[in-house]
Number of protein chains: 2
Amino acid sequence: MLIVKKFGGSSVANKERIFNVARRCIEDYKAGHDVVVVLSAMGDTTDNLIEMAHDINPDAKKRELDMLLTTGEQVSVSLMAMAMQALDVPAVSLNAFQVMMHSTSRYGNARFKRVDTERIQHELDSRKIVIVTGFQGVNKYDDITTLGRGGSDTTAVALASVLHADKCEIYTDVEGVYTADPRVVKNARKLDVITYDEMLELASLGAKVLHNRSVEMAKKYNVELVVRSSLTEAEGTVVKEAAKMEKLLVTGVAADANTARISVIGVEDKPGTAFVIFNTLAKNNINVDIILQSVGREGTKDISFTVASDDLDRALEILNENKERLTIQEITCNKNVAKLSVVGAGMMSNPGVAAKMFESLYNSRVNINMISTSEIRITVLVDEKDIEKAMNAVHDGFIMTE
Amino acid sequence: MLIVKKFGGSSVANKERIFNVARRCIEDYKAGHDVVVVLSAMGDTTDNLIEMAHDINPDAKKRELDMLLTTGEQVSVSLMAMAMQALDVPAVSLNAFQVMMHSTSRYGNARFKRVDTERIQHELDSRKIVIVTGFQGVNKYDDITTLGRGGSDTTAVALASVLHADKCEIYTDVEGVYTADPRVVKNARKLDVITYDEMLELASLGAKVLHNRSVEMAKKYNVELVVRSSLTEAEGTVVKEAAKMEKLLVTGVAADANTARISVIGVEDKPGTAFVIFNTLAKNNINVDIILQSVGREGTKDISFTVASDDLDRALEILNENKERLTIQEITCNKNVAKLSVVGAGMMSNPGVAAKMFESLYNSRVNINMISTSEIRITVLVDEKDIEKAMNAVHDGFIMTE
């Protein structure tokens, strides 16, 4: 069996943890499996390097930042190889140049184009554990790139895909994917299995276990993922294609407080006004989420929508600059809102889910500001102060009564 | 003009020094020159990385150590590029993979085989300052190697050679090459010019300004070096071929306390005994330096020689193990000795140098234990306690009276 195992920065933050990871990998190796390990930079290394860079040049070019940051993973992988060698197991560390992990050119946010397997396969054939730097690629100029957030997960999935791995294990500090954040919802429980689509909806809604890009890639290349803890032996959660699994009505509940509502009031009620507004925002790289349009007074309409909290100031600025052209009479906003979502492949064939969600929220006196739905997700915007109460109410309404 | 400039770890140890180096390079750039910069790892980085490695595995494989250590230079070069960009000068950092600095396979002590120029030339053509990681290469397995001590100097010389640079400046914390160590000999003065051979003799005798391998390479490819300070604007010392320069009788005086004397007494006086003794030591990687042979009692001879202090215990062990086979009756040793050498291309045609040296030592009551000479060097072994007095006496005898 060929197993790809990915460990994050906190799992290799010091000597003890490095040896802990080494031992877990060696278990599989000694059971006769081929083992490929993907590592992030140790602990706070990446943050410290970013701080050094900002101290020298706050506007450092991303090309040089990537050159700097990728040293972090190279330190992790070489130390891990030394640890395994200290435990008498042959191991070799490889960086993105040595594997040849070809990426797009975009520094700081590159994507894999193709990944060579020759070197890794050669090392596996000579019965070595192969330890690969996560998060990094090489572009067509032979320059080093990084993959952006969650990059090491993506590296693991890419390698599992091209190597036709039997398993791709993503180790983290939680035991798997939960029906809701266990720190907020006390009845939250671990899922044994979840579909790619459900995982994507949960990830984009603030469940920080796996990054979207790695799940998208796993779905595209049908790589079965296992999310599990690096601290315990618990089984973890399998992420795979829907066809193979029993369906739950609702798989999970997620909250995202990183959201703000903007309302533009008194917009001229003629075709294309909404398009012009959202096009103006999109051109400035501001993503708009839930949209609600209502009829206003005297041939005008009001449009409300949500943006990420970080984008709020910039969005307001752009709207104000273009106020006249966009025929906006007034702009209001609210930062103290949060999104609450239920996700589940089961709700596609079950029209009562929305009603049940609204009932749960009504019963706990939580006011709903806006609503948005997809085939496997229902999202409502609530006041930020109500989010904990709302999560517990909706979670218990669905998951406990099933 | 194309200028290669090399700065050591202390020259880039912090933000202020990084900007200091950046400004010095930018001066040349703004004068219209092409500038290639070679950097070592910042300050104590390499030592800290070695410590981390030893903590995890005291017998870490050199292949993994090289993978680890080379991150140090990658950090320096990317931060330097950011600093130059902060000063509005286009710059790009390159590691050994990106330049393609092909080396032999030997980890920890590799040598350059050939160095590609395409990438550097391309960046210079687009008027960027090019900043290259010193100390590192890539071997035929696509693995990262390091060049051993003084490796960054060698990188600078190799680049100057393949790029046909007009100048190769080695920046250090002293103002150039001195006639003797200025901390010991108060009358020591800076040389304007010195030959490769003189520099080689001085370097191997303990003048720590340039490492031998870089001088050998500079001589082989006729790269003119300038040794100068990164802290002052002083002119420095030019290292070049003898033909081009006026000859001093003696160029410098060097001392080396890292030496120990071994005497083997009562060795059978027949052909080949000396060969067998030194062959046994050589097979165990022990370098023997000055050798003195004298007739002993009753058909035997005594042989004295020096080794590096670090090798003394091991050399004694080997001699004792083979005492019978080597027909040695007795072994004695002395750690408290030091080598004192005068170096100068001028002494080839000047037979009085040795006599003058001995006179200076006699006048200051320094006893000579052993003597060894080459075409441009005379070395004597003296008691360690006399070395300072001896250096001053010999230095002033030659250099002050010329």
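The values are calculated or read from the model by the stated rules, or taken from the named source; none is laboratory data. Computed from a predicted model, the values in this text were never measured in an experiment. Positions of Cβ are generated from backbone atoms using ideal geometry, with glycine treated the same way; all protein chains shown enter the neighbour counts. Remember, those area values only see protein heavy atoms, side chains included, never the ligands or the DNA or RNA. Shrake-Rupley method; radii C 1.70, N 1.55, O 1.52, S 1.80 Å.
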Original post:
Just in the stretch A:303-336: which GluC sites (Glu not before Pro) are loop by DSSP and have at most 11 other Cβ atoms within 10 Å?
Top reply: A:GLU324
Original post:
So what J values fall out for the stretch B:272-288 if you push phi through Karplus, 6.51 cos²θ - 1.76 cosθ + 1.60 with θ = phi - 60°, rounded to Hz, Gly and Pro as x?
Top reply: x, 5, 4, 4, 5, 4, 6, 5, 4, 5, 4, 4, 9, 6, 9, 7, 9
**OP:** Using θ = phi - 60° and the Karplus relation 6.51 cos²θ - 1.76 cosθ + 1.60, list the HN-Hα couplings for the stretch A:387-392 in order, rounded to whole Hz, with x at every Gly or Pro.
**Re:** 5, 5, 4, 5, 4, 5
**OP:** Note the angle between two axes, namely the Cα long axis of helix A:15-30 and the longest principal axis of the Cα atoms of chain A, as a number of degrees from 0 to 90, rounded to the nearest 10.
**Re:** 70
Subject >> Inter-label distance, nm, simple model (7 Å from Cα along the C-beta direction), B:GLU27/B:ARG365 >> reply: 4.9
Subject >> Tensor-based shape of the protein assembly as shown (alpha-carbon gyration tensor, a/c under 1.5 rounded, otherwise prolate or oblate) >> reply: prolate
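If we sort B:291-302, B:56-67, A:229-240, B:181-192 on the protection proxy, mean other Cβ atoms within 10 Å, highest first, what's the order?
So the peptides B:291-302, B:56-67, A:229-240, B:181-192, ranked by packing, come out B:56-67, A:229-240, B:181-192, B:291-302.
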**OP:** Hey, can you find the accessible area per residue of the protein assembly as shown for me, probe 1.4 Å, expressed in square angstrom?
**Re:** 44
Subject >> Separation of the B:SER309 and A:GLU388 label points, Cα + 7 Å toward Cβ, nm >> reply: 6.6
**OP:** Take the solvent-accessible surface of the protein heavy atoms, probe 1.4 Å, and return the percent of it on the protein assembly as shown that carbon and sulfur atoms account for.
**Re:** 47
Subject >> Exercise: per-residue mean of other protein chain Cβ atoms within 10 Å, B:137-148 >> reply: 2
Subject >> Debye, to nearest 20: dipole size of the stretch A:2-172, +1 on Lys, Arg Cβ, -1 on Asp, Glu Cβ >> reply: 320
**OP:** With everything on Cα atoms, drop me the angle between helix B:312-321 and the longest principal axis of chain B, reported from 0 to 90° to the nearest 10.
**Re:** 50
Original post:
What total accessible surface area, summed over both chains, is buried at the interface between chains A and B, computed with a 1.4 Å probe and given in Å² to the nearest 100?
Top reply: 3300
Subject >> Residues in the stretch A:51-75 occluded by at least 30 Å² - accessible area, probe radius 1.4 Å, against chain by itself >> reply: A:MET52, A:ASP55, A:ILE56, A:ASN57, A:LYS61, A:ARG63, A:GLU64, A:MET67, A:LEU68, A:THR71, A:GLN74, A:VAL75
Original post:
Quick one: of the DSSP bridges fully inside the stretch A:2-172, what percent are antiparallel, nearest 5?
Top reply: 25
**OP:** Please work out the FRET efficiency for the pair B:ALA282 and B:ARG111, using the Cβ-Cβ distance as r and a Förster radius of 30 Å; give the result to the nearest 0.05.
**Re:** 0.90
Subject >> Accessible surface of A:ARG23 - all protein chains present, 1.4 Å probe, nearest 10 Å² >> reply: 130
**OP:** Using the Karplus curve 6.51 cos²θ - 1.76 cosθ + 1.60 with θ = phi - 60°, work out ³J(HN,Hα) for each residue of the stretch B:119-131 in order, rounded to whole Hz, and write x for Gly and Pro.
**Re:** 5, 4, 4, 4, 5, 5, 4, 8, 6, 9, 6, 9, 10
**OP:** Have a look at the stretch A:86-118 and report residues whose accessible surface goes down by 10 Å² or more when the remaining protein chains are included, against the chain on its own, probe 1.4 Å, ligands and DNA/RNA excluded.
**Re:** A:ALA86, A:VAL92, A:SER93, A:ASN95, A:PHE97, A:GLN98
**OP:** Enter the angle in degrees (range 0 to 90, nearest 10) between the Cα long axis of helix A:151-162 and the first principal axis of the Cα atoms of chain A, meaning the one along which they spread out most.
**Re:** 60
Original post:
When DSSP assigns beta bridges and you keep just the ones with both residues in chain B, what percent turn out antiparallel, to the nearest 5?
Top reply: 60
**OP:** Among DSSP beta bridges whose residues both lie in the protein assembly as shown, state the antiparallel percentage, nearest 5.
**Re:** 60
Subject >> Extended-chain gain in nm, criterion 0.36 nm per residue less alpha-carbon gap, A:ILE291 and A:SER229 >> reply: 18.6 nm
